[in-house]
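Okay, so here's the structure we're looking at.
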Amino acid sequence: CAWNNAGINDVSRAFHELERADWDKMIAVNLTSVFFCMKHEIAQFVLQGGGAIVNTSSGAGLVAAPGLPHYTAAKHGVLGLTKSAAQEYNGQGIRVNAVCPGMVDTPMIQSWFDSSPDLAKAVLATMPGQKLGRPEQVAEAAVWLCSDAADWASGLSMPVDGGGLNR
């Protein structure tokens, strides 16, 4: 199995103020890197007769994040890659799924919150239970998707967000 779990965020800004360099960096890290990982993982899984891939997208892959058009586009793109590969390798023993975390307590999020305590308070007020998710909760979902228990799941975009998208 493989879990493609890397990403960056950026400061929020109006769509028309987004610079090309910021777009290119976001797409390179959050989308192109997933493509290259999948390309090589799938080649190995074809040789060995199967495997499971989990890609980390985001809640922003399912519902746009205002002020982050490049992040939203990259995370939507991860779901497109996931579904495309799941369709193409269906029947070859290769399953491809995605987890779509909500706001998770990571150094990236803590740095963002540290830069603006008022923003942190406002964001937490909108979160289920007024708290961030834990990285272990996302990892447990990814481990399940890689396991034989999930052998009937492929092409799935699984929100792991405490029900935040259901609000």
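The values are calculated or read from the model by the stated rules, or taken from the named source; none is laboratory data. Everything numeric here is computed off the predicted structure, so don't read it as measured data. All Cβ positions, glycine included, derive from the backbone under ideal geometry; neighbour counts span all protein chains shown. Each accessible area value is taken on the protein alone, full model and side chains, heavy atoms only, with ligands, DNA and RNA left out. Shrake-Rupley method; radii C 1.70, N 1.55, O 1.52, S 1.80 Å.
A few points about this structure:
- Accessible area (Å², per residue) of the chain, counting only protein heavy atoms and a probe of 1.4 Å: 55
- Computed over every Cα-Cα pair of the chain and binned at 10 Å starting from 0, the pair-distance distribution P(r) comes out as 10, 37, 34, 15, 3, 0 percent.
- Translational diffusion coefficient of region 28-124 (Stokes-Einstein, Kirkwood radius from Cα pairs, 10 °C, 1.306 mPa s): 107 µm²/s.
- Lys, Arg +1 and Asp, Glu -1 on Cβ, resulting dipole of the chain about Cα centre, debye, nearest 20: 200
- Candidates R134, R20, R95, ranked by Gaussian network fluctuation over the chain, Cα under 10 Å, top entry: R20
- Here the accessible area is traced with a 1.4 Å probe on the protein chains. For the chain, carbon and sulfur cover 59 percent of it.
- Near the amide H of W3, within less than 5 Å, lie the amide hydrogens of V54, all on another chain or at least 5 residues away, with H placed in the peptide plane.
- Here the gap between A21 and Q92, fully extended at 0.36 nm per residue and compared with their Cα-Cα distance, gives a gain of 21.7 nm.
- Relative contact order for region 1-56, counting Cα pairs under 8 Å that sit 6 or more residues apart, in percent: 67
- Along the axis of the charge dipole computed for the chain (Cβ charges of +1 for Lys and Arg, -1 for Asp and Glu, origin at the Cα centre), the listed residues F36, N166, G77 are led at the positive end by N166.
- Of all lysines in the structure, the ones whose alpha carbon falls short of 20 Å from that of K83, not counting any fewer than 8 places away in one chain, are K39, K75.
- Using distinct alpha-carbon pairs, which all enter the 1/r mean, Kirkwood radius of region 85-142 in Å: 13.6
- Karplus-derived 3J(HN,Hα), 6.51/-1.76/1.60, for each residue of region 70-77, Hz, glycine and proline x: 6, 5, 4, 4, 5, 6, 5, x
- Highest average packing first - 117-129, 79-91, Cβ atoms within 10 Å: 79-91, 117-129
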